[in-house]
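One structure is given here, and the rest of the page talks about it.
The values are calculated or read from the model by the stated rules, or taken from the named source; none is laboratory data. What you see is a predicted model, and the numbers here were worked out from it, not measured in a lab. Quick reminder, even Gly has a Cβ in these numbers, built from the backbone with ideal geometry, and neighbours come from all protein chains shown. Side chains included, ligands, DNA and RNA excluded: accessible areas come from the protein's heavy atoms. Shrake-Rupley method; radii C 1.70, N 1.55, O 1.52, S 1.80 Å.
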Amino acid sequence: MTNWLHQTAIAVQGFIALGGWVVGLLLALSVLAGALVLWKLWQFQGLGRDTMLREALALWDAGQQPAARASLARSPSALGQLAAQAMAAPSPDLRDRLYAETEALMARLESGFRALDAIVQIAPLMGLFGTVLGMIEAFQALQGAGASVDPSILAGGIWVALLTTAVGLAIAMPVSLILTWFEARVAAQRRLAEALVETLCGPALPQANTTAHPVERLAHA
């Protein structure tokens, strides 16, 4: 293990020496992005396990309040626990409180999104900046060489300069995909939270109404 870490450190140092300080900064940015992604994955544990909550809301809307409370007794989700607390003391006055609680929960889930979005936008720009700097150095060397220009040296300088753009894109693309997935998960939770508030605090649907319940629509979405 120690030998592997030593070899990895040597490889990273060589990579930074090849690409310059911009590549080093991009690698540090990738470490930050990785830490944020791991933190969000840990925070999202249990997110999406809302089957119990959906069933409980359907039972509550059907007038089976005791069964709805019982179905949430072991709910692993934060929304499920919030619904269980609201069902223990149902009241139309809870609407504002539930909206505040659900928005606070959504805000916690969205924490770190701005940092990930900033990394997605900054990483390619930093890579392009490194490429521009490398091209400037390459053409300065070309000017200094005068008539005795070695095309292989010039080509080597150009591909090293382009390396920073490649590193920036390699960081931005996967982080962008992961961020999009996170945002989709939070959006689904927000829709479920809205259904929760309306089911517990809004007027009951008429039994003769054949329109699908919002929770059922979410379940089939």
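Highest average first, the peptides 137-143, 78-84 ordered by how many other beta carbon atoms sit within 10 Å of their residues are 78-84, 137-143.
Heavy-atom surface analysis with a 1.4 Å probe gives segment 22-112 a carbon and sulfur content of 59 percent of its accessible area.
Each residue of segment 68-80 was assigned a 3J(HN,Hα) from its phi angle through the Karplus curve 6.51 cos²θ - 1.76 cosθ + 1.60 (θ = phi - 60°); the sequence is 5, 5, 5, 5, 9, 4, 10, 5, x, 8, 5, 5, x Hz, with glycine and proline shown as x. For THR180, what is the net charge nearby, where nearby means another residue's Cβ is under 15 Å from its Cβ and Lys, Arg count +1, Asp, Glu -1? Result for the local shell: 0.
Derived scalar couplings between HN and Hα for segment 119-130 equal 5, 4, 7, 7, 4, x, 5, 5, x, 5, 4, x Hz in order, rounded to whole Hz, by the Karplus curve 6.51 cos²θ - 1.76 cosθ + 1.60 (θ = phi - 60°), x for Gly and Pro.
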